[in-house]
């Protein structure tokens, strides 16, 4: 009874603290992710008040948080959206991967961490935070801007790339051989392709099977199906996160919208627990030694993300102002970077990788909203000094175009 009471007190305190930190972040209009990470650092190993009784439950909650994060990302996209983005925007996706994954891999090799850690850190620096960026675009009133479809296309391609990347690092971290790793990757690619084909051809039938007018039954069916598929995927060493993402893609229309509304509070709760869990397993005293490398890597990859957005927007015919806005909006890193680093920390690849990833995300999740706001005016001011006056401001569209209803084609 005593241990049960201590668990309830600890876990209740964690949830209450997360709620208060979320309210504080909302008041100042920035992402709560850095506050959740700092809370984990404060109450984890080497922190102010280490937690003992609730550790195992927090670990399970963190795993559910990753699954729900990926499920909700999948619900945002339809299979036809993904296929269309692959056909039209893959050059921008390749540029994005080359400019932003390479610095992470090079940094890991320069630090002497080896090839596996290099692949992991490449993923940490590659993927932008869809959640933070979507919120920033809404706060700045840019959802109707011409560059916004370019930003969203890059984010979609990054999310879809995770269906290939996560199984690769899962196999590498498990220490499987070339043959076993090739089988794992083939299974993952086959499953992803199968789900996309099934979603395009039979998406309505799948959604009709899952659909229910009763919110309780819809919640139970979608959540149960997601956890089941995620567990089967993990058993096949494909990654539970990829399984959840594919379930989200397979659902569309009213079912996807209804499931999104029902699962959003659960996602927010368990995602917050996940960020705390990552912080709990990072010793604060291990961060200062990697702070300078993390800062240098943040500066380099902030610039490469700005270049990515600029080049992609120029390819789409967006004006100079929109190109700089697209670049600045892509800088923030967050949930995916922590998911990738978390896999490596659990596998015990490199002790310093977790602290470096924590510092790196903390820097860019704070800097990202600032670059989204200030990259355009600063860049135009600098270029105007070199080449004359800045171009005239673009007229803003009166209404938000098709972006407001991404599932309209279904």
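Sort largest first and round to whole Å: the equivalent ellipsoid semi-axes of the range 106-164, each the square root of five times a Cα gyration tensor eigenvalue.
Numbers: eigenvalues 186, 29, 14 Å².
Semi-axes, largest first: 31, 12, 8 Å.
7 Å from Cα along Cα→Cβ at both residue 366 and residue 109: what's the point-to-point distance in nm?
Going by the 7 Å Cα→Cβ label model, 3.2 nm.
Could you work out the pair-distance distribution P(r) of the chain from its alpha-carbon pairs, with 10 angstrom bin width and percents rounded to whole numbers?
Cα pair-distance distribution for the chain, in percent: 5, 22, 32, 27, 12, 2, 0, 0.
How high is the relative contact order of the chain, given as a whole-number percent (alpha carbon pairs under 8 Å, six or more residues apart)?
Details: 600 pairs, mean separation 113.7, N = 410.
With pairs under 8 Å counted, the relative contact order is 28 percent.
State the extension gain, in nm to one decimal, for the chain segment bounded by residue 198 and residue 213, taking 0.36 nm per residue of separation less the distance between their alpha-carbons. Write down the numbers at each step before the final one.
On the way: separation 15, 0.36 × 15 = 5.40 nm, distance 2.38 nm.
Length gained between residue 198 and residue 213: 3.0 nm.
Between residue 378 and residue 90, what is the label-point separation in nm under the 7 Å Cα-to-beta-carbon projection?
3.5
Taking R0 as 41 Å, what's the FRET efficiency between residue 3 and residue 236 from their Cβ-Cβ distance, rounded to 0.05?
On the way: r = 36 Å, r/R0 = 0.87.
Once rounded, the FRET efficiency stands at 0.70.
Can you give the convex hull volume of the alpha carbon atoms of the range 77-132 per residue, in Å³?
96
Where Rh denotes the Kirkwood radius from the mean inverse Cα pair distance, what is Rg over Rh for the range 282-323? Could you put the intermediate results ahead of the total?
Values: Rg = 16.1 Å, Rh = 12.3 Å.
Rg/Rh for the range 282-323 comes to 1.31.
Would you calculate a helix-derived [θ] at 222 nm for the chain, using -39,500 (n - 2.57) for each DSSP H run of n ≥ 4 and dividing by the full residue count, to the nearest 500?
That calculation yields -27000 deg cm²/dmol at 222 nm.
Between residue 291 and residue 59, what is 0.36 nm times their sequence separation minus the Cα-Cα distance? Round to one decimal in nm.
Numbers: separation 232, 0.36 × 232 = 83.52 nm, distance 2.62 nm.
Stretched out fully, the residue 291 to residue 59 stretch lengthens by 80.9 nm.
Within the range 237-280, which residues have the backbone N less than 20 Å from the label spot 7 Å out from residue 186 along Cα→beta-carbon, could you tell me?
Only 237-239 pass the distance filter.
Grab the Cα-Cα distance for residue 140 and residue 385, subtract it from 0.36 nm times how many residues apart they are, and report the gain in nm with one decimal.
Numbers: separation 245, 0.36 × 245 = 88.20 nm, distance 2.65 nm.
Gain on extension, residue 140 to residue 385, equals 85.6 nm.
Please check which bits of the range 242-278 a label hung off residue 83 would reach, taking the label as a point 7 Å along Cα-to-C-beta and the cut-off as backbone N under 15 Å.
Residues 249-252 qualify, since their backbone N sits under 15 Å from the label point.
Read-outs: derived from the displayed coordinates by stated rules, not from any lab. On a predicted model such as this, the values are computed, not experimentally measured, just so you know. Note: ideal-geometry Cβ built from the backbone for every residue, glycine included; neighbour counts use all protein chains shown.
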